[in-house]
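Colleague: Mind having a look at this structure? Questions to follow.
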Amino acid sequence: MRGATVTEYRTVVADPPWSPALGSSWRTARTDKARPQKHYATLSVEEIVGLCPPAAKQAHLWLWCLNQHVDWGVRVAREWGFEPVQMLTWCKPGLGVGRFQCNTEQVLVARKGSRHGNPFGATGGTWFNWPRGRHSAKPNEFYDLVERVSPGPRLEMYARTARPGWDHFGNEAPASIPLIPTRVTSPAESQVGS
């Protein structure tokens, strides 16, 4: 895309279509309600890492993680050039599905660059009792929090709907920006062949 200007986002929200091995026994493989593959196409961790957002040198990342694979979120954040700062928990009303009846979701909050000149605003805690929506949809209260504590311009990756003032892309929301798959080279990789 020669000549195109790419926005460097100060805030990135990502809810990747993780590909967990839930309900893998022969009895539950086709019936597990929590299985994301029943609702949308999923990506491997490597594929998610490969779609690195165009973030500014100082930026915030809000990365939704699977409860059983927070490690995947930490890996993706670091591969994208961010360092984890805090984990926030969305406490959903009622019980969920599965053996643990999961009724929480985790969002990994991470920072790229120095904390000086790149602070988060006060969040009002680390757990939030927000309402449920349809499968995997995040509550409007979450986006209100992000807008209150993290600077623009903002990008939502894997968006379900367009949000005013944000750029976005996702299977359910027409992309407002061109998708440019990029890969951050880790320091170890940049040493190879030197």
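Colleague: Which condition from (1) more than 18 Å from Phe120 (Cβ to Cβ); (2) touching a Lys or Arg at 6+ places or on another chain (Cβ under 7 Å); (3) modelled with pLDDT of 90 or more is the one that Gly152 breaks?
Modeller: Status for Gly152: all satisfied but (1).
Colleague: Right, next: Quick check on segment 56-68: of everything there that is surrounded by fewer than 22 Cβ atoms within 10 Å (Cβ to Cβ) and among the aliphatic types (A, V, I, L, M), which residue is nearest to Val6 (Cα to Cα)?
Modeller: Ranking the candidates gives Ala56 first.
Colleague: Turning to a different aspect of this structure: In segment 126-153, which residue that is over 22 Å from Gly96 (Cβ atoms) and part of a loop (DSSP other than H, G, I, E, B) is most open to solvent (accessible area, probe 1.4 Å)?
Modeller: Only one residue tops the list, namely Pro153.
Colleague: How many residues are open to solvent by 60 Å² or more (accessible area, probe 1.4 Å), in contact with a helix residue (DSSP H, G or I) (Cβ under 9 Å, 6 or more places away or on another chain) and within 24 Å of Arg134 (Cα to Cα) when one looks only at segment 69-101?
Modeller: Residues in segment 69-101 being open to solvent by 60 Å² or more (accessible area, probe 1.4 Å), in contact with a helix residue (DSSP H, G or I) (Cβ under 9 Å, 6 or more places away or on another chain) and within 24 Å of Arg134 (Cα to Cα): 1 in total.
Colleague: Same structure again: Which one is farthest from Thr42 (Cα to Cα) among residues in segment 160-176 that are surrounded by 15 or more Cβ atoms within 10 Å (Cβ to Cβ) and touching a Ser or Thr at 6+ places or on another chain (Cβ under 9 Å)?
Modeller: Checking each candidate, the answer is Trp166.
The values are calculated or read from the model by the stated rules, or taken from the named source; none is laboratory data. None of these values were measured; they are calculated from a predicted model. Reconstructed Cβ throughout: ideal geometry from the backbone, glycine too, with neighbour counts over all protein chains shown. These accessible areas exclude ligands, DNA and RNA; they are computed on the full protein's heavy atoms, side chains included. Shrake-Rupley method; radii C 1.70, N 1.55, O 1.52, S 1.80 Å.
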